[in-house]
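> To start, I am sharing the structure in question, which I have written as structure tokens.
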Amino acid sequence: MSERLRIGVLASGRGTNLQALLDGCKSGFIPAEIVVVISDRPNAMALQRARSAGIEAIAIEPSQVGGMAGFEREAVRTLKERQVGLVCLAGFMRVLSASFLKEFPNRVLNIHPSLLPSFPGLEAQRQALEYGVKITGCTVHFVDEQVDHGPIIIQAAVPVREDDTVESLSERILKEEHRIYPEAVRLFATGRLKIIGRRVCILPEGE
Ligand code: GRF
């Protein structure tokens, strides 16, 4: 039997997507193990969630290690030492460089709260509301060198209601995030994702 996939998560904030992945691994839905959670913010709730789940939680503050290059160096070392085969960004608020990505080719995933390529970048839910779209959603994608840009794995659509605020819309999108991120990681962990150009094909089960 092939070895279980080892996952490292990078998170900056409250970590509800991290929690969805932790729960997915625990229940067996995702046949993989989260072995380390790294944050650029020592007070991130995500680190507490990791500790509560008995998972190693590490803070690396860029300002303490010579900036983002130092953060990436430390993070790569940490992830490699733990033989991580997949890096999941879950509300990680910094942009990773090409030199980080080349250490994990096609092995870094991200979740974004819009239907990409619409509304990349910060405050995607506010952007969608202000633009006036009637449908928005969320996207899990492979990470490449451009922000919120790499090949798309799964998307979920969420209707925008007349009376939506940024908060109410974000909440409705978040529910879908918690559904599709574990699903995408499960597909990765079971070897069912094949990247062809910009397209990600989902292979049938058991191939
Ligand atoms: C989510 O909306 C995610 O799509 C975006 O950042 C937010 C993180 O939320 N990338 P959480 O920390 O997972 O609760």
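The values are calculated or read from the model by the stated rules, or taken from the named source; none is laboratory data. Everything numeric here is computed off the predicted structure, so don't read it as measured data. Positions of Cβ are generated from backbone atoms using ideal geometry, with glycine treated the same way; all protein chains shown enter the neighbour counts. These accessible areas exclude ligands, DNA and RNA; they are computed on the full protein's heavy atoms, side chains included. Shrake-Rupley method; radii C 1.70, N 1.55, O 1.52, S 1.80 Å.
> Which of the chymotrypsin sites (Phe, Trp or Tyr not before Pro) found in the stretch 46-129 are in a DSSP loop and have at most 16 neighbouring Cβ atoms, other than their own, within 10 Å?
none
> Let me ask another. In the Gaussian network model of the chain, springs joining C-alpha atoms below 10 Å, which of Glu177, Glu81, Glu123 carries the largest mean-square fluctuation?
Glu81
> What whole-number value in cubic angstrom gives the convex hull volume per residue for the C-alpha atoms of the stretch 46-87?
81 Å³
> At Glu171 and Leu122, where each label point lies 7 Å from the Cα along Cα→Cβ, what is the point-to-point distance in nanometres?
Label at Glu171, label at Leu122, 2.5 nm between them.
> Return one whole number: the accessible area per residue of the stretch 83-205 in Å², for a 1.4 Å probe.
Heavy-atom SASA per residue in the stretch 83-205 reads 52 Å².
> Here is a further query. How much FRET efficiency would the formula 1/(1 + (r/R0)^6) give for Ala157 and Asp23, where r is the Cβ-Cβ distance and R0 is 25 Å, rounded to 0.05?
0.60
> A further question follows. Just how far, in whole angstrom, is the stretch 1-47 from the stretch 154-189 if you go by their alpha carbon centroids?
After rounding, the separation between the Cα centres reads 18 Å.
> Right, another one. Leaving out ligands, DNA and RNA but keeping every protein chain, what accessible area does Met93 have, in Å² rounded to the nearest 10, with a 1.4 Å probe?
Per-residue accessible area (Met93): approximately 110 Å².
> For Lys194, give me every one of the lysines with a C-alpha distance below 27 angstrom, ignoring sequence neighbours fewer than eight places off in its own chain.
Counting by Cα, and skipping residues close in sequence, Lys194 has these lysines nearby: Lys26, Lys80, Lys102, Lys175.
> Return the long-range amide H neighbours of Val200 (sequence gap of 5 or more, or a different chain), with a cut-off of under 5 Å between placed amide H atoms.
Ile152
> For Gln146 and Val65, FRET efficiency with R0 = 22 Å and r from the beta-carbon atoms, rounded to 0.05?
For R0 = 22 Å, the calculated efficiency reads 0.30.
> Which shape class applies to the stretch 24-143: rounded if a/c is under 1.5, otherwise prolate when a/b exceeds b/c and oblate if not, where a ≥ b ≥ c are the square roots of the Cα gyration tensor eigenvalues?
It is prolate, given that a/c is not under 1.5 and a/b is the larger ratio.
> Still on this model: Mean-square fluctuation check for the chain, GNM, Cα pairs under 10 Å: which of Ala98, Ala189, Ala46 is largest?
Ala98
> Using the Karplus equation 6.51 cos²θ - 1.76 cosθ + 1.60 (θ = phi - 60°), what ³J(HN,Hα) coupling, rounded to whole Hz, does each residue of the stretch 163-177 give in order, writing x for Gly and Pro?
3J(HN,Hα) across the stretch 163-177, in whole Hz: 9, 5, 10, 4, 5, 5, 5, 4, 5, 5, 5, 4, 4, 6, 4.
> Let me ask something additional. Going by accessible area, probe 1.4 Å, with all protein chains left in place, what is the ranking of Glu171, Glu3, largest first?
Descending order: Glu3, Glu171.
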